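One structure is given below, encoded as structure tokens.
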Ligand code: LLP
């Protein structure tokens, strides 16, 4: 199996950021998410270099939903990243991490009045998803004596080769406004008294391994940009969203690099803006490609059972990593303490949740496993902890961050008290 450069093997043990996973699991307990901060920074720089070497004005907005830990946002803020935020909570985290308001875009297809007012108050550009939302935002800005900067979210109506639950640029998706209606939407925005259209936004989906849809989406965006320039709109940015995939299947799956992505997309942008005589900033919103492979989920084997299949019951389940249950996603699993042993047995890795679908990995050929062994589930930095829950009243696990060989908690494990903390006794029970 191919391991990325921040993972390795020493004395038969898996290492991350140069550290042996066994003492990490001993010290911090399992289940445990472990992230290598330096890997995230490396990936961020790769993106930025790929784009800035081809286009003069670039902003990389980290999609905060992929992994919202403040320590990760801070590490990226330190590199100059902005963020795509999809809720007031993500907005709060991005600002707390030190990201400047002008590098944030407030996305979302269902924003509340509170969200809209917060965006106006904090001077955050809003990606508007409907004309209804536009008018609500105009009213909110008027009542606050301010002008809201906006982009519209374009639905380019393309075929997006990914899992249907994470394709967002399909004609049938709930996101955005159909591309042919976008010029009309900007005309409507120009009629609003407290709205200033400054950008154009799209995001076509996630875990996309083919560059062609990105090229097509960029083409749609540049055609719309021409209409907007003709209307007299001064475009400060064109945001092509995120969505590039990673090779979850090590050794067999291939994903385009940020450089390959940029080499396909930026020429479309360059020829468009040159023809129009404008130089808006080029924004992108990667999430998964920045953080996914930085992180492993360490989990301890509770028991092994030979039944219909060889089940390995571990202490992490879909409460901590829902991607396999939700999207049939594939994550590599390794025996973290016996990396040098020959795979001898086919195992299905199951979690502790009371659901048949609580399967983290099916039919994997691994070295022999027994109770107490440590396994690692790879590439869990994106949409892993971020989508975790307390289902079955299981406190969520800790997250550890490693920087230059030093591990530290970036989130403590929850306790049962955290689960009961928000519960209240109704008066008739107290
Ligand atoms: N921008 C917007 C507006 C988005 O909605 C998303 C992701 C991104 C950027 C970042 O996309 P990325 O580069 O990470 O592909 N939970 C799913 C993925 C959902 C993606 C939601 N939106 C999963 O685990 O695969």
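The values are calculated or read from the model by the stated rules, or taken from the named source; none is laboratory data. Source: prediction; values computed, not measured. When we count neighbours, we look across all protein chains shown, and the Cβ atoms used for this are built from the backbone with ideal geometry, even at glycine.
Observations
- Residue match in the stretch 296-313 (condition: under 22 Å from residue 242 (Cβ atoms), touching a helix residue (DSSP H, G or I) at 6+ places or on another chain (Cβ under 8 Å) and surrounded by fewer than 24 Cβ atoms within 10 Å (Cβ to Cβ)): no
A quick yes/no check of all residues on (1) out of contact with any helix residue (DSSP H, G or I) (no Cβ under 6 Å at 6 or more places or on another chain); (2) surrounded by fewer than 23 Cβ atoms within 10 Å (Cβ to Cβ):
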{"residue": "198", "(1), (2)": "yes, yes"}
{"residue": "205", "(1), (2)": "no, no"}
{"residue": "209", "(1), (2)": "yes, yes"}
{"residue": "243", "(1), (2)": "yes, no"}
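- Yes/no for residue 161 being within 16 Å of the ligand (Cβ to nearest atom) and over 19 Å from residue 83 (Cα atoms): yes
- Meets criteria (surrounded by 15 or more Cβ atoms within 10 Å (Cβ to Cβ), farther than 27 Å from residue 102 by Cβ, within 13 Å of the ligand (Cβ to nearest atom) and touching a residue at least 60 places away in the same chain (Cβ under 8 Å)) for residue 261: no
- Yes/no for residue 49 being closer than 30 Å to residue 302 by Cα and surrounded by fewer than 20 Cβ atoms within 10 Å (Cβ to Cβ): no
- Residue within the stretch 216-229 that is within 16 Å of the ligand (Cβ to nearest atom), outside any helix (DSSP H, G or I) and buried (at least 18 other Cβ atoms within 10 Å of the Cβ) present: no
- Once the stretch 319-335 is narrowed to residues that are in a loop (DSSP other than H, G, I, E, B) and closer than 20 Å to residue 249 by Cβ, the residue that is farthest from the ligand (Cβ to nearest atom) is 332.
- Some residue of the stretch 279-288 being touching a residue at least 12 places away in the same chain (Cβ under 8 Å), under 24 Å from residue 166 (Cβ atoms) and assigned to a helix (DSSP H, G or I): yes
- Candidate set from the stretch 169-181 (those that are surrounded by fewer than 20 Cβ atoms within 10 Å (Cβ to Cβ) and more than 23 Å from the chain's Cα centre (by Cα)); member that is nearest to residue 108 (Cα to Cα): 178
- If you go through the stretch 277-318 and pick out every residue that is modelled with pLDDT under 95 and within 16 Å of the ligand (Cβ to nearest atom), you end up with 0.
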